[in-house]
Amino acid sequence: MDLFAPRMRRFKPSPSQLAAARVRELQAAGRDIVKLTAGEPDFPTPAHAKQAALDVMRKDQIGYTPINGTLALRQAVQVKFRRDNGLDYGLDQITVGAGTKQVLFNALMATVSTGDEVIVPAPYWTSYPDMVRLAGGTPVIVACDASHSFKLHPEELAAAISPRTKWLLFNSPGNPTGATYTQEELTALAAVLLAHPHVHVLTDDVYEHLVFDGRSFATFAQAEPGLCDRTVTCNGVSKAYSMTGWRVGFAGGPVEIIANMSKMQSQSTAGVSAVSQAAAAAALDGPQDLVRQRTADLQERRDILFDALNAAAGLSCKRPEGAMYIYCSCTGVIGKRAPDGRVIENDTDFTMYLLDAVGVAVVQGAAYGLSPYVRVSFVAPRDELRRGGALIQQACAALR
Ligand SMILES: Cc1ncc(COP(=O)(O)O)c(C=O)c1O
């Protein structure tokens, strides 16, 4: 009898682990590596959030918490949705999980079964297709290439919908491209969805506050109120408040879906840590100007990296509209030969070449479902971004 369940064969360990393992190997051997792979902001958690966590600990208020989140956090989420998104959710329309990842997972596990389809625009966050597969469903990947600014177009959405489509899984600003949909673009996609009442929308808004160049953020339920009763709006404190390790995410949506997401959570992790929830509530309730300052800082770092990458022979990239990454095309280096004789056949080869030849770590586009690209994070000190950029230019110039 096989020890492992068939579900474990439905997904593979993340492809980005390959490069990560090589980084560890090289570092263990004493190599100095410029890591441009960070998936989390490098700012500290706001002081008032940490203070709220300490207060809860001092008062010893750290027992089990309600499955769907403490009242204080759900109230803070309710105010956040009104303030930032113009969405009016009742407290029974809000649930809390261990990160945006867990609320997305709960939504899929609670609703997707064998044969159900979930539309996933590519490039996508690596976890989406595997989460869908784990739930028993089939990810329907729609390639959105650079000529479309990596965005899903209404006609592509319409073509991907079948009678088995359960969700459109939608991420803006997007990881890995930073593509950020305008209100008008969402309205155009919503017009397609209005004609297909069986399709629901699961949004991942975790990069909501990381939008650049004066852009504003929009989310589906706000852009098209007619979709509210079939949209689940997911978000979290990880990226906006630099609170990745606190593990707090939340969702707003129709009462029945939210109740089923909480039910899923009740037999997995149960309620999120009381300490983390207190910190998250303080972050949501507290002053928001810090978020804007930090976004401005990230925008400057984006520009440093963007200029450096575009100056490298064979690379070209679009300036990302949001998030923390540049999704850089490496079409121009494919087929070229490195000084050690190896040929760069694809973006995984290029990623390995950058690591071995000049000690720069990036993530290959294959991990995100659209090649040949590399994802380069601009969450690094400015000096490291300049150093990494110069090394990438040097590596590209050495290709023949
Ligand atoms: C698109 C996207 N969604 C969700 C997450 C995870 O967010 P959280 O820390 O809130 O679980 C990430 C993390 O990298 C992400 O890139």
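Give me a count of the residues in segment 241-264 that are within 9 Å of the ligand (Cβ to nearest atom), in a loop (DSSP other than H, G, I, E, B) and either of a type in the set (Phe, Trp, Tyr) or open to solvent by less than 60 Å² (accessible area, probe 1.4 Å) (or both).
Qualifying residue count, segment 241-264: 2.
I'd like to check something: does segment 343-364 contain any residue that is among the charged types (D, E, K, R), out of contact with any Asp or Glu (no Cβ under 6 Å at 6 or more places or on another chain), in a loop (DSSP other than H, G, I, E, B) and within 30 Å of Asp205 (Cα to Cα)?
No: segment 343-364 contains no residue that is among the charged types (D, E, K, R), out of contact with any Asp or Glu (no Cβ under 6 Å at 6 or more places or on another chain), in a loop (DSSP other than H, G, I, E, B) and within 30 Å of Asp205 (Cα to Cα).
Within segment 90-126, which residues are more than 28 Å from Pro154 (Cβ to Cβ), polar (S, T, N, Q) and near the ligand (Cβ under 8 Å from one of its atoms)?
Gln102
Filter segment 168-204 for residues that are aliphatic (A, V, I, L, M) and assigned to a loop (DSSP other than H, G, I, E, B) and give the result. Working first, answer last.
The initial filter retains those residues of segment 168-204 that are aliphatic (A, V, I, L, M), namely 168-169, 179, 186, 188-195, 199, 201-202.
Within segment 168-204, Ala179, Ala195, Val199 meet the criteria.
Just to be sure, is Met109 more than 22 Å from the chain's Cα centre (by Cα) and either of a type in the set (A, V, I, L, M, F, W, C) or closer than 26 Å to Leu298 by Cα (or both)?
Spelling it out, it is not the case that Met109 is more than 22 Å from the chain's Cα centre (by Cα) and either of a type in the set (A, V, I, L, M, F, W, C) or closer than 26 Å to Leu298 by Cα (or both).
Condition test on Arg337, is it out of contact with any helix residue (DSSP H, G or I) (no Cβ under 8 Å at 6 or more places or on another chain), more than 16 Å from Ala38 (Cα to Cα), in contact (Cβ under 8 Å) with a residue 12 or more places away in the chain and open to solvent by 50 Å² or more (accessible area, probe 1.4 Å)?
The answer is yes for Arg337.
Identify the residue in segment 142-167 that is part of a helix (DSSP H, G or I), in contact with a strand residue (DSSP E or B) (Cβ under 7 Å, 6 or more places away or on another chain) and open to solvent by 20 Å² or more (accessible area, probe 1.4 Å) and, among all such residues, is modelled with the highest pLDDT.
Among those residues, the one meeting the criterion is Glu156.
Collect the residues in segment 202-218 that are within 14 Å of the ligand (Cβ to nearest atom) and farther than 20 Å from Leu290 by Cβ, keeping them in residue-number order.
Leu202, Thr203, Asp204 - these are the residues of segment 202-218 that are within 14 Å of the ligand (Cβ to nearest atom) and farther than 20 Å from Leu290 by Cβ.
Let's see how each residue does on (1) within 30 Å of Gln17 (Cα to Cα); (2) of a type in the set (A, V, I, L, M, F, W, C); (3) in contact with an Asp or Glu (Cβ under 6 Å, 6 or more places away or on another chain); (4) in contact (Cβ under 8 Å) with a residue 24 or more places away in the chain:
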residue: Glu117; (1), (2), (3), (4): yes, no, no, yes
residue: Asp145; (1), (2), (3), (4): yes, no, no, yes
residue: Tyr181; (1), (2), (3), (4): yes, no, no, yes
residue: Val206; (1), (2), (3), (4): yes, yes, no, yes
residue: Ala218; (1), (2), (3), (4): no, yes, no, yes
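The values are calculated or read from the model by the stated rules, or taken from the named source; none is laboratory data. The model shown is predicted, which means the values in this text are computed figures rather than measured ones. Glycine gets a Cβ as well: all are built from the backbone with ideal geometry, and neighbour counts include every protein chain shown. The area values use the complete protein model at the heavy-atom level, side chains included, leaving out ligands, DNA and RNA. Shrake-Rupley method; radii C 1.70, N 1.55, O 1.52, S 1.80 Å.
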